[in-house]
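Every number in this text was worked out from the coordinates using simple rules, so none of it is lab data. Keep in mind it's a predicted model, so treat the numbers as computed, not measured. Cβ: placed from backbone, ideal geometry, glycine included. Neighbour counts: every protein chain shown.
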Amino acid sequence: MTKYGMVIDLGSCLGCGACIAACDFENQTPWEEGKRRTHVPEFIFGEYPNVERLFVPRLCMHCEDPPCVAVCPTGASYKNEDGVVLVRYDMCIGCKYCVVACPYNARYVDERKHAIDKCTFCYNNRVSQGREPACVESCVGGARIFGDLEDPNSEVYKLIHSGEAVPLRADLGTHPKVRYIFRRKKREGD
Amino acid sequence: MIKMTRREFVKLAAVTGALTLMLGESEHTFKTLTAAQSKTQVKYIPNLCTMCANRCGITAKVVNGKVVKLDGIPHHPANNGKICARGQSGIARLYNPDRIKAPMIRRDKSKRGTWEGFEEVNWNTALDEAAKKIKRYMDEGHPEKIAVISGWWGCAVYKPYVAAFMQAIGTPNSAGATINSCMFPGAFGWLATLGGANHAHIISDLEDAKYIIALRRNLAGVGGVPHSWRFAEAKRRGAKVVALDPRMSETAALADVWIPIKPGTDLAFLLAMGHVLVNEKLYDEAFLKKYTTVPLLLNSETGVPVKVWDDKATGLKKYLVYDLLQKKAVSHDEALNPALLGEYTVKLEDGTTVKAKPAFQVLVDDLQQYTPEWASKICDVSSDLIVKTANEFGRTKPAVIDPGWHDPRYENSLQTHRMMAILNAMIGNIDRYGGVSFNVPGREVNLPPPPQNRYDVVWGKKHGMLPLPLPNYVPLYYAMTKGDPYPIEMAIVIAGNPIRTWSGDKEWKEAFKKLNDVLVIDVLPQDTTMYADILLPDSVYLEKDFPISHAEMSLYGAFETAIAAINPVFNTKPEIMIFAELSKRLGVYDKFINSLAKMLKVDAGKLRRYFDSEGIRGIRRAQAEAYGISLDEIEKKGYVMFETKEELMDTMPYKKPLHTPSGKVEVYSLMLAKITSMVGEDPMWSPLPKWLPPKVMSEYEKNKAPNVFYFIYGKSPLNSYTHTTDNEMLDSLLRPDYIGVWINTKRAKQLGIKDGDKVKVTNLKTGEGGVTTAFVTEAIRKDTVFLNTQWGIESKKLKIAYKRGGVALNKLWPFQYARLIPGMLTNELLVKIEKV
């Protein structure tokens, strides 16, 4: 069994936006309308000079217990056998229950497809052909690491099982398969 | 009804390379897809990204004749399979409806600076008319009245082709940003010390470093993929990163230590680091003794070298050092244990004696005044932090100060970069793993003397400025407007945008209006393009072949090439073909081919034969034959390696001399000593580095007011000047901090400015500037504001960029320049911020 997941190392994210553009072209998202499958919001906190500037790549968390799948009335939203949360576009009626149910704000309406759309981990177009998702392959800082969470030899497995990579909002109980490494950074500037 | 599982379907889709847009598993979708598959043709074609000067290896995915995706070439020596947002967005440049779609001519010169009066013509007419204009100057015997102006494109990519065309038409005159508003003012410091310019010849081996200091550069954010991915790799391998930057750049954000240093004072910080290194003996004594010029004896009274002479056999400079074993002054190469410290009485050939000190002793003496406490007051950084940084730098192995790239910012840029190079040399990290190293061009630095009749050389003789290897654009303004030192009447602009990127917005507009003829070759209707009489549209890199070049942004030896992914989308031509066709019309095609053959080191006869029959691919064929590489392999892979990092490292100065006058690391610079002997002493070009305060420091104290700030600037990760402008994808990724002016929260509050407010940014002295939004943040010093470059576009034909507005930096930058190396002093100004 394969269970795909991703670890995002915030200490390596350069905030360059390569992943966003790579995803948009690869997956032909309606980016012109601002609808994208991945985003990299920037956070600046603290008071000068004790400031942190952080880039936090966001995408579908591919939850093990995905609320979007639970609320879908037609079965269009589903989790496939490799643990990837996908949408059967031709079964989607556009009710947006899933958009509302998703606590990670990962879904949008694609008017051209007349369906809800979201990150697929590039499952059909790349992963099934042995390639990494477009965002991972392009990531300049190498911050996005993709692999099989069930394979003890995979980097993602090691990072998660060492406790280094943790979910965003674990309290929501959806068991995300996208995890984050937050490194505490030293600030010695005066 | 076909029954198949999702798995099987996916496999089928994979095998046949199906369109991935509408994947689902219903019968209906499946039918649609199989129908599409039968007609779908997918190709993967290697190319070189030219969205910035780093030129990463890319693969274009072409589906039914349309480029749909760009990916990095796996294991490419420059980018290691990665490309950035700019690189991805090459597709949006390719299909940009704002592109110049056909040749255009405008006969009314008074309409320059507008888009009025252009008429579309066919290529023959355009090339005939362009040739006619050029021919007039050639027939008059004054081809030097033509200046070829280019941006980084001509510098980094098309140099041999532009140069061959210039030689064919007979003009020595070119101009670009390099000397004045790009890397040279800082790079000269590296050149003087290590015999190579930063980024062009010298690159830091980041991934093997354990301690990295980054200054004057946003290495992580806009280093270019070849530098950024290695920066991130170094961090993952546990390197500690220290970033000096008044603003929290992407690099500072990722660094372990952010040092928000006062603008323009990095030199004081580095000098104090030097102070700590020498006093705590944290230098590599063996390296300094053998491979650097610090044992060179300086006359104790005059401070000049006791004796320097030319060695005819090697062409290198020789000089006296004091040998502690032989107890006498000898040539450095004959010394068994050259002294670094002390004072010695030296007997000269004529029998006289002088007292002399090794340069290192003089440096140590000089550095005593630059205490961490002294620097602390100047830099606004605690002295403890300076001491700590110096200690860590001296004790962590390997450590490196990244060489940086762009730096025409202050008069002290030269010595700042000198000191960066010197600190690297002090710990002996030159051409070592985790240190600063030379790329392939850096191992054979070739900077021929400038042509004696080039406008800036002639002007320099008249106005007391030294000739530089590359053209200085300051005199171009005088040549274009006043005929000083001689008139320049025609400009051929090749992918350059002086109106928007060179210092002095008004000056260049005036100069371009005065010219008799302006020919522009470009992809997009830029601000400079508005000044054209003849407009020849260039093809985008994805539409054209490129010959073979070096993968320069790497520490490997590799050739690379680019294959056209598709035919031109519009009625455009690659500029190499434009040069060839113009040369033919001008009757100088032979000269063009011969010059090109010489520069590319290929056989001229073969080059001509192949080029005539195959176009640009023919150049590649001639190169492949001459360089002994497989044409088939390079066309398939996009690159071929010929030297590994292992083979390149540990070479200079150990096995081969450096390209400095002495062949050694010139901590004491013989080049600057010569300049000093010619023009007199000055801290700006002192042979051993000295503190030179930025002028803007005292200006700031004099003009202190709530709305007056130091000004710094940079590039957002989405920007590489004209090549990334007006790009729909990059525009969609725009964030407020990429276009707005960064201003500290407390200062903004004082001025009643809230985040997102419209504010006017003006040069305090000239009153010039523009309007943008305020990016109110804690991530910048209180006395400093920051802006990103390449905004304030005036060409309305750039529909996406124009509507964004923003401040054009060259409206803030006055037409001012430094002595010696005429950098445009782009941070030597104060700005006023007002709420609109």
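Taking 7 Å along the Cα-to-C-beta vector as the label spot, tell me the A:ILE44-B:GLU285 distance in nanometres, rounded to one decimal.
So the two model labels end up 4.8 nm from each other.
Could you work out the helix-only [θ] at 222 nm for chain A, with each DSSP H run of four or more residues adding -39,500 (n - 2.57) and the total divided by the number of residues, to the nearest 500 deg cm²/dmol?
Per the formula, -4000 deg cm²/dmol.
About its Cα centre, what dipole magnitude does the protein assembly as shown give when the only charges are +1 on Lys and Arg Cβ and -1 on Asp and Glu Cβ, stated in debye to the nearest 20?
In debye, rounded to 20, the protein assembly as shown gives about 1200.
Give the residue list of GluC sites (Glu not before Pro) in segment B:256-355 that are DSSP loop and have at most 16 other beta-carbon atoms within 10 angstrom.
Taking segment B:256-355 and a limit of 16 other Cβ atoms within 10 Å, the loop GluC sites (Glu not before Pro) found are B:GLU280, B:GLU301, B:GLU343, B:GLU349.
Can you give the mean number of other chain Cβ atoms that lie within 10 Å of the Cβ atoms in peptide B:373-384? Mind showing how you got there, number by number?
Values: counts 0, 0, 0, 1, 0, 0, 0, 2, 2, 3, 1, 2.
Counting other chains' Cβ atoms within 10 Å and averaging over B:373-384 gives 1.
Pop out the ³J(HN,Hα) list for segment B:373-388 in order, Karplus 6.51 cos²θ - 1.76 cosθ + 1.60 with θ = phi - 60°, rounded to Hz; leave Gly and Pro as x.
Listing the rounded values in order: 5, 4, 5, 3, 5, 6, 7, 6, 10, 5, 5, 4, 5, 5, 4, 4 Hz.
Over chain B, what is the relative contact order in percent, taking alpha-carbon pairs closer than 8 angstrom and at least six residues apart?
18 percent
Quick one: grab the alpha carbon gyration tensor of segment B:676-766, order the square roots of its eigenvalues as a ≥ b ≥ c, and give me rounded if a/c is under 1.5, else prolate or oblate depending on whether a/b is larger than b/c. Numbers along the way, then the final one.
Values: a/c = 3.31, a/b = 1.45, b/c = 2.28.
Oblate is the answer for segment B:676-766, as a/c is 1.5 or above yet b/c matches or exceeds a/b.
Among the listed pairs B:LYS584/B:LYS636; B:LYS111/B:LYS133; B:LYS704/B:LYS749; B:LYS66/B:LYS159; B:LYS235/B:LYS377; B:LYS281/B:LYS355, which have their C-alpha atoms separated by more than 22 angstrom in this model?
Exceeds cut-off: B:LYS584/B:LYS636; B:LYS66/B:LYS159; B:LYS235/B:LYS377; B:LYS281/B:LYS355.
Which links in B:LYS289/B:LYS601; A:LYS3/B:LYS82; A:LYS79/A:LYS158; B:LYS39/B:LYS606 stretch past 29 Å when you go from one Cα to the other? List each step's numbers first, then the result.
Values: B:LYS289/B:LYS601 38 Å; A:LYS3/B:LYS82 25 Å; A:LYS79/A:LYS158 24 Å; B:LYS39/B:LYS606 40 Å.
As for pairs spanning more than 29 Å Cα to Cα, those are B:LYS289/B:LYS601; B:LYS39/B:LYS606.
Across the residues of A:122-129, average count of Cβ atoms on other protein chains within 10 Å?
5
Does segment B:695-835 come out rounded, prolate or oblate by the C-alpha gyration tensor, with a ≥ b ≥ c the root eigenvalues, rounded set by a/c under 1.5 and, if not, prolate when a/b is larger than b/c and oblate if not?
Oblate shape, in that a/c is at least 1.5 and b/c is the bigger or equal ratio.
Identify the chymotrypsin sites (Phe, Trp or Tyr not before Pro) of segment B:73-157 meeting these criteria: DSSP loop state and at most 16 other C-beta atoms within 10 Å of the C-beta.
Numbers: sites: B:TYR95, B:TRP115, B:PHE118, B:TRP123, B:TYR137, B:TRP152, B:TRP153; in loops: B:TYR95, B:TRP115.
Answer in residue order: B:TYR95, B:TRP115.
Tell me the Kirkwood hydrodynamic radius of chain B in angstroms, computed as one over the mean inverse distance between distinct C-alpha pairs.
Working: mean 1/r = 0.0353 Å⁻¹.
28.4 Å is the Kirkwood radius here.
Only bridges whose two residues both fall in chain B count here: according to DSSP, what percent of them are antiparallel, nearest 5?
That works out to approximately 60 percent antiparallel.
With runs of 4+ DSSP H residues as the only contributors, calculate the mean residue ellipticity of chain B at 222 nm using -39,500 (n - 2.57) per run, divided by the residue total and rounded to the nearest 500.
Numbers: 35 runs with 298 residues, N = 836.
It comes out at -10000 deg cm²/dmol, rounded to the nearest 500.
Return, ordered by residue number, the residues of segment B:261-284 whose backbone nitrogen is under 20 Å from a label point located 7 Å along Cα→Cβ of B:ASN391.
B:269-284
What residue among B:LEU830, B:LEU267, B:LEU341 has its Cα farthest toward the positive end of the dipole of chain B, where the charges are +1 on Lys, Arg and -1 on Asp, Glu, each on the Cβ?
The one lying farthest along the dipole's positive direction is B:LEU830.
Can you pull out the trypsin sites (Lys or Arg not before Pro) in segment B:238-304 whose DSSP state is coil and whose Cβ has at most 16 other Cβ atoms within 10 Å?
Values: sites: B:LYS240, B:ARG247, B:LYS281, B:LYS289, B:LYS290; in loops: B:LYS281.
Those that pass, being in a loop and sparsely packed, are B:LYS281.
For segment B:360-395 and segment B:237-271, what is the separation of their C-alpha centers, rounded to whole Å?
15 Å
Using unit Cβ charges (K, R positive; D, E negative) and no other charged atoms, how large, in debye to the nearest 20, is the dipole of segment B:695-835 about its Cα centre?
300 debye
Quick one: length gained pulling B:LYS355 to B:LEU734 fully straight, 0.36 nm per residue minus the C-alpha distance? Present the calculation step by step, with values, prior to reporting the outcome.
Details: separation 379, 0.36 × 379 = 136.44 nm, distance 6.33 nm.
Roughly 130.1 nm would be gained on extension.
Ranking request for peptides B:665-676, B:795-806, A:141-152: highest mean number of other beta-carbon atoms within 10 Å first, then the rest in descending order.
On the way: B:665-676: 23.2, B:795-806: 18.2, A:141-152: 20.2.
By packing density, highest mean first, the sequence is B:665-676, A:141-152, B:795-806.
With +1 on each Lys and Arg Cβ and -1 on each Asp and Glu Cβ, how big is the dipole of chain A about its Cα centre, in debye rounded to the nearest 20?
It comes to approximately 180 debye.
Give me the number: length gained by fully extending B:LYS754 to B:TRP309, i.e. 0.36 nm times residue separation minus the C-alpha to C-alpha distance, one decimal in nm.
153.8 nm
What does the extension gain come out to for B:LEU466 and B:HIS75, with contour length at 0.36 nm per residue minus their alpha carbon separation?
The span from B:LEU466 to B:HIS75 would gain 136.4 nm if fully extended.
Evaluate the relative contact order of segment A:1-81 (contact order divided by residue number), counting alpha-carbon pairs under 8 angstrom at least 6 apart; express in whole percent.
In percent, rounded to a whole number, it is 26.
Name the aspartates and glutamates eligible as straight-distance cross-link partners of B:LYS695: C-alpha to C-alpha under 12 Å, and not fewer than 8 places from it in the same chain.
Here the aspartates and glutamates satisfying the reach criterion relative to B:LYS695 are B:GLU411, B:GLU828.
For the protein assembly as shown, take N as its residue count and report Rg(C-alpha) divided by 2.2 N^0.38 Å.
Values: Rg = 29.5 Å, N = 1026, 2.2 N^0.38 = 30.7 Å.
Ratio of Rg to 2.2 N^0.38 Å for the protein assembly as shown: 0.96.
Using Cα-Cα distances under 8 Å and only pairs 6 or more residues apart, what relative contact order does segment B:175-251 have, in percent?
Worked out over segment B:175-251, it gives 28 percent.
Taking 7 Å along the Cα-to-C-beta vector as the label spot, tell me the B:ASP108-B:THR302 distance in nanometres, rounded to one decimal.
If labels sit at B:ASP108 and B:THR302, their model points lie 6.7 nm apart.
Net charge within 11 Å of A:LYS79 by Cβ-Cβ distance, Lys/Arg positive one each and Asp/Glu negative one each, not counting A:LYS79 itself?
Values: positive: A:LYS3, A:LYS177; negative: A:GLU64, A:ASP65, A:GLU81, A:ASP82.
Summing Lys and Arg as +1 and Asp and Glu as -1 gives -2.
What is segment B:158-309 by shape, rounded, prolate or oblate, if you read a ≥ b ≥ c off the alpha carbon gyration tensor as root eigenvalues and call it rounded for a/c under 1.5, prolate for a/b larger than b/c, and oblate otherwise?
Numbers: a/c = 1.91, a/b = 1.07, b/c = 1.79.
Note, shape of segment B:158-309 comes out oblate.
Could you work out the mean projected area of the convex hull around the alpha carbons of segment B:418-571, in square nanometres to one decimal?
Mean shadow area of the hull around the Cα atoms is 12.9 nm².
Using a basic spin-label model with each label point 7 Å from the Cα along Cα→Cβ, how many nm lie between B:LYS210 and A:GLU111?
Here the answer is 5.9 nm between the modelled labels.
Averaged over its residues, how many other protein chain Cβ atoms are within 10 Å of peptide B:236-245's Cβ atoms?
1
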